[in-house]
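Working notes for the structure below.
The values are calculated or read from the model by the stated rules, or taken from the named source; none is laboratory data. In this text the structure is predicted, and so the values were computed from the model without any measurement. Cβ placement follows ideal geometry from the backbone for every residue including glycine, while neighbour counts extend to all protein chains displayed. Ligands, DNA and RNA are stripped out before the accessible areas are found, and what is left, the full protein with its side chains, is counted by its heavy atoms. Shrake-Rupley method; radii C 1.70, N 1.55, O 1.52, S 1.80 Å.
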Amino acid sequence: MFEKAIIFAAKAHSGQKRKGTDIPFMIHPLEVASIVAGITPDEEMMCAAVLHDVIEDCRDVTGEDIRREFGDKVADYVLMESEDKSRSWIERKRHTVDFLKHRAKRPAKVIALGDKLANVRSLARDYKLLGDELWQRFNMKDKAQQAWYYRGLCDSLKDMEEFPEYWEFCELIAYVFRGVVVE
């Protein structure tokens, strides 16, 4: 099933690049799946990790497509990780922080930790090279808003502190957003 999920995601993300780079987008879901596999051997969670962006970022892929191909659990996990792009950036991020803090079950938190850790690893690498110019590649260019979001995620995922991936996540956030004051 995991190999099938990789093929499905690769087709769905075909031609996509990471924001502001020439890096094939598919590198990100593979890294997320690798992080999740380091936390749990659960194949459905690994499948959801590799598929986590297909509904949000790929035209013509729905939750029902995921449900039909991979079953209810995988589809539910992917839907929990998908943002509603019709909402504003701040609405989406508030929802994510609140969901992870108050309502998300452990599998959703593991997949979110994998996704957010992969994102902040990329941010840290690029921040080292570009400095604050990095924020120009995003829709939300305000570094303080980005800091609010990532620090909120660190707090929302606090019950994952048994995993070294959580501590790496928080350390990278501290590095990237060092000195940023959030009001």
Yes/no for ILE66 being buried (at least 23 other Cβ atoms within 10 Å of the Cβ) and more than 26 Å from PHE163 (Cα to Cα): yes
Among (1) assigned to a loop (DSSP other than H, G, I, E, B); (2) of a type in the set (Ser, Thr, Tyr); (3) in contact with an Asp or Glu (Cβ under 8 Å, 6 or more places away or on another chain) - the single one TYR77 does not satisfy: (1)
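Of THR40, THR21, which residue is in contact with a Pro (Cβ under 9 Å, 6 or more places away or on another chain) and of a type in the set (Val, Ile, Thr)?
THR40
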Residue identified as of a type outside the set (A, V, I, L, M, F, W, C), at pLDDT 95 or above, part of a loop (DSSP other than H, G, I, E, B) and on the phi < 0 side of the Ramachandran plot among GLU171, GLU183, GLU162: GLU162
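Every residue, every condition in (1) free of Cβ contacts under 8 Å to residues at least 60 places away in the same chain; (2) of a type outside the set (Phe, Trp, Tyr); (3) over 18 Å from ILE27 (Cα atoms), yes or no:
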site	(1), (2), (3)
HIS52	no, yes, no
PHE70	no, no, yes
ASP98	yes, yes, yes
LYS109	yes, yes, yes
LEU130	yes, yes, yes
ALA147	yes, yes, yes
Of all residues in region 124-183 being open to solvent by 80 Å² or more (accessible area, probe 1.4 Å) and among the aliphatic types (A, V, I, L, M), the one that is farthest from VAL32 (Cα to Cα): VAL181
Subset of region 69-81 that is open to solvent by less than 30 Å² (accessible area, probe 1.4 Å) and under 17 Å from the mean Cα position of the chain (by Cα) - its residue that is nearest to LYS105 (Cα to Cα): TYR77
Which listed residue, of ASP84, ASP115, is of a type in the set (D, E, K, R) and free of Cβ contacts under 8 Å to residues at least 24 places away in the same chain: ASP84
Test result for LYS101, open to solvent by 70 Å² or more (accessible area, probe 1.4 Å), touching a helix residue (DSSP H, G or I) at 6+ places or on another chain (Cβ under 6 Å) and not in a loop (DSSP other than H, G, I, E, B): yes
